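Peer 1: Mind looking over this structure? Questions follow.
The values are calculated or read from the model by the stated rules, or taken from the named source; none is laboratory data. Given the structure is predicted, the values throughout are model-derived calculations rather than measurements. Using ideal geometry, Cβ is built from the backbone for each residue, glycine included, and neighbour counts are taken over all protein chains shown. Note: accessible area is taken over every heavy atom of the protein model, side chains too, but ligands, DNA and RNA are not part of it. Shrake-Rupley method; radii C 1.70, N 1.55, O 1.52, S 1.80 Å.
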Amino acid sequence: MKKKTSLLTLLFLTILFSRNLHAQFGFSYHESALPFVGINYEAGNRLLTEFRLSTNIYLGDLAIEGIAALKLGRSEELDPYVGLGIRLAPDEDESAIVIPVGINVYPFPRKTFGFHLEFTPLIRGEDFGNNIIRGSWGVRYRFEK
């Protein structure tokens, strides 16, 4: 539990300090077997922090995630990224360390609306059989700077 608290504190501080940098607010929707919505900040050209909330039907299944990702590209159209975060769920077996690896694509002249593709290993403990890889795709919207 200490490890989860430490990671959550680190993520919170990253989001807090990223607001003081040149930050841009955004919204995302991820479609997968575990669908979720996200609210994010892009700090400068390299850091993306995101708070995610699962969108399953039952409130008892509600899970939250927090990630901090480093953007690997410098293109306005393509934003590959890799990150680290934590998923907290009511059922302890569903909580996990998450390692998102993905790409954002902004194909339109105004770089506010785009699409994304992400593969995320969910590390749920020492038993390898409990770990999964979640694939998701969806849309991302960045509010004007």
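Peer 1: For residues that are part of a loop (DSSP other than H, G, I, E, B) and among the small types (Gly, Ala, Ser), tally how many sit in the range 69-110.
Peer 2: Taking the range 69-110 as the starting set, the residues that turn out to be part of a loop (DSSP other than H, G, I, E, B) are 72-77, 89-91, 95, 99-100, 106-110.
Then keep just the ones that are among the small types (Gly, Ala, Ser); that gives 73, 75, 89, 95.
Looking only at that region, the number is 4.
Peer 1: Regarding the range 60-68, can at least one residue be identified that is assigned to a loop (DSSP other than H, G, I, E, B), surrounded by fewer than 20 Cβ atoms within 10 Å (Cβ to Cβ), in contact (Cβ under 8 Å) with a residue 12 or more places away in the chain and not aliphatic (A, V, I, L, M)? Please lay out each step first, then the result.
Peer 2: Just the residues of the range 60-68 that are assigned to a loop (DSSP other than H, G, I, E, B), to begin with: 62-63.
Okay, now just the ones that are also surrounded by fewer than 20 Cβ atoms within 10 Å (Cβ to Cβ), so 62-63.
Now restrict to residues that are in contact (Cβ under 8 Å) with a residue 12 or more places away in the chain: 62-63.
Right, trim to not aliphatic (A, V, I, L, M) and you get none.
No, the range 60-68 contains no residue that is assigned to a loop (DSSP other than H, G, I, E, B), surrounded by fewer than 20 Cβ atoms within 10 Å (Cβ to Cβ), in contact (Cβ under 8 Å) with a residue 12 or more places away in the chain and not aliphatic (A, V, I, L, M).
Peer 1: Give the range 123-138 a look and list any residue that's within 13 Å of VAL101 (Cβ to Cβ) and of a type outside the set (Gly, Ala, Ser), or say none. Full working, then the answer.
Peer 2: Taking the range 123-138 and keeping what is within 13 Å of VAL101 (Cβ to Cβ), we get 133-136.
Within the range 123-138, ILE133, ARG134 meet the criteria.
Peer 1: Return yes when PHE119 is open to solvent by 40 Å² or more (accessible area, probe 1.4 Å), under 15 Å from ILE67 (Cα atoms), assigned to a strand (DSSP E or B) and at pLDDT 90 or above and no when it is not. Lay out the reasoning, then the answer.
Peer 2: Values: open to solvent by 40 Å² or more (accessible area, probe 1.4 Å): yes; under 15 Å from ILE67 (Cα atoms): yes; assigned to a strand (DSSP E or B): yes; at pLDDT 90 or above: yes.
For PHE119, the condition - open to solvent by 40 Å² or more (accessible area, probe 1.4 Å), under 15 Å from ILE67 (Cα atoms), assigned to a strand (DSSP E or B) and at pLDDT 90 or above - is met.
Peer 1: Moving on. Could you identify the single residue in THR112, THR120 that is polar (S, T, N, Q), over 16 Å from VAL37 (Cα atoms) and in contact with a strand residue (DSSP E or B) (Cβ under 7 Å, 6 or more places away or on another chain)?
Peer 2: On the way: THR120 fails: over 16 Å from VAL37 (Cα atoms).
Result: THR112 is the single residue among THR112, THR120 that is polar (S, T, N, Q), over 16 Å from VAL37 (Cα atoms) and in contact with a strand residue (DSSP E or B) (Cβ under 7 Å, 6 or more places away or on another chain).
Peer 1: Shifting gears a bit: Hey, among GLY73, GLY125, GLY83, which residue is open to solvent by less than 50 Å² (accessible area, probe 1.4 Å), on the phi > 0 side of the Ramachandran plot and touching an Asp or Glu at 6+ places or on another chain (Cβ under 9 Å)?
Peer 2: Details: GLY73 fails: on the phi > 0 side of the Ramachandran plot; GLY83 fails: on the phi > 0 side of the Ramachandran plot.
GLY125 is the lone residue from the list that is open to solvent by less than 50 Å² (accessible area, probe 1.4 Å), on the phi > 0 side of the Ramachandran plot and touching an Asp or Glu at 6+ places or on another chain (Cβ under 9 Å).
Peer 1: While we're on this one: Within the range 33-53, count every residue that is open to solvent by 20 Å² or more (accessible area, probe 1.4 Å) and either of a type in the set (S, T, N, Q) or assigned to a strand (DSSP E or B) (or both).
Peer 2: 7
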